[in-house]
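Student: The structure follows.
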Amino acid sequence: MNQTLTHLIALQEIDSLIIQKRREIEAIPSELKKLERAISSVEERFREVKTKAEAIEKKRRQKEIELQEAIDKIEKLKARTSEIKTNEEYQAHIKEIERAEKKKYLIEDDILYLMEKADELNRNMKQIQSEIQNEKEKITKQQKEIEDRKALLEKEVSDLLKKRNSIISNLDKEVYSIYMNLLEKGNGVAVAEAKDEVCQGCYMSIPPQLYVELKIREELFTCPQCGRFLYRKN
Ligand SMILES: [Zn+2]
């Protein structure tokens with residue numbers, strides 16, 4: 001095979017790998033962002049439950065104050081009992097005490113309900129906290145894996161660039177410049193295989209005569225459709 005073509009094929013192989021690895025490297029920040037979003041969403045759930053729990057606690061404290069007021073009221077009413085003169089007044093007084101006590105029981109019911117609610121929310125928070133912990137550990141591990149993969153990819157790219165440089169040193173400057181031009185315009189493919197009379201760069205037919213020449217002549221040929229360097233494996 002033409003020596004230049006051999007270099008071009010090797011160069012294309014390396015460049016395809018570099019392009020692929022660089023793409024993988026470029027995708028990494030968005031992978032990391034996705035992981036961060038996963039943590040934020042669990043944290044957000046935790047904050048929601050916490051806000052609810054705080055509201056319940058506030059309500060409960062308010063109810064405790066109301067309860068104390070109700071207790072005070074009942075005590076005051078009871079203390080006044082001895083001052084009552086007539087039977088009518090007494091009946092009305094007893095009714096008032098009953099009402100106050102009823103109110104007190106209702107407040108106590110509310111407090112009980114709120115305490116149960118608070119218990120439930122606290123259990124929820126504990127559950128979510130342990131989920132957050134697990135999630136964070138999982139994500140930290142994944143982040144580490146991604147960072148390691150990134151480092152490895154960067155190392156591979158840097159090794160490939162070294163190989164690339166040694167190949168370029170064997171290439172004619174003009175051929176290299178044509179190659180680079182094709183690589184840029186040709187979506188990362190500057191050298192294409194001619195397979196079954198089809199250019200694998202543009203997937204157009206190759207004239208039969210050229211297809212034969214590719215096999216027998218030690219020359220640099222290009223695809224008449226896309227201009228890519230062509231080679232034949234068999
Ligand atoms: Zn082509």
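The values are calculated or read from the model by the stated rules, or taken from the named source; none is laboratory data. In this text the structure is predicted, and so the values were computed from the model without any measurement. Please note: Cβ atoms are built from the backbone with ideal geometry, for glycine as well, and neighbour counts cover all protein chains shown.
Student: Quick one: in region 79-100, which of the residues that are among the hydrophobic types (A, V, I, L, M, F, W, C) and surrounded by 11 or more Cβ atoms within 10 Å (Cβ to Cβ) is farthest from residue 69 (Cα to Cα)?
Tutor: Ranking the candidates gives 84 first.
Student: Now a separate question. Looking for something within 12 Å of the ligand (Cβ to nearest atom), on the phi < 0 side of the Ramachandran plot and surrounded by 13 or more Cβ atoms within 10 Å (Cβ to Cβ) - is there at least one such residue anywhere in region 165-180?
Tutor: no
Student: Consider residue 30 against the criteria (1) of a type in the set (S, T, N, Q); (2) in the same structural domain as residue 161 (by TED's automatic domain parsing); (3) touching a Leu at 6+ places or on another chain (Cβ under 7 Å): it satisfies all of them except one. Which criterion is unmet?
Tutor: Checking residue 30 against (1) of a type in the set (S, T, N, Q); (2) in the same structural domain as residue 161 (by TED's automatic domain parsing); (3) touching a Leu at 6+ places or on another chain (Cβ under 7 Å), the one that fails is (3).
Student: Here's another thing I want to ask about it. Select, from 148, 159, the only residue that is under 22 Å from residue 20 (Cα atoms), under 37 Å from the mean Cα position of the chain (by Cα), among the acidic types (Asp, Glu) and loosely packed, with under 11 Cβ neighbours inside 10 Å.
Tutor: Being under 22 Å from residue 20 (Cα atoms), under 37 Å from the mean Cα position of the chain (by Cα), among the acidic types (Asp, Glu) and loosely packed, with under 11 Cβ neighbours inside 10 Å holds for just one of 148, 159, which is 148.
Student: A follow-up question, please. Say we look at region 202-234 and pick out the residues that are of a type in the set (D, E, K, R) and in contact (Cβ under 8 Å) with a residue 60 or more places away in the chain; which of these is farthest from the ligand (Cβ to nearest atom)?
Tutor: 218
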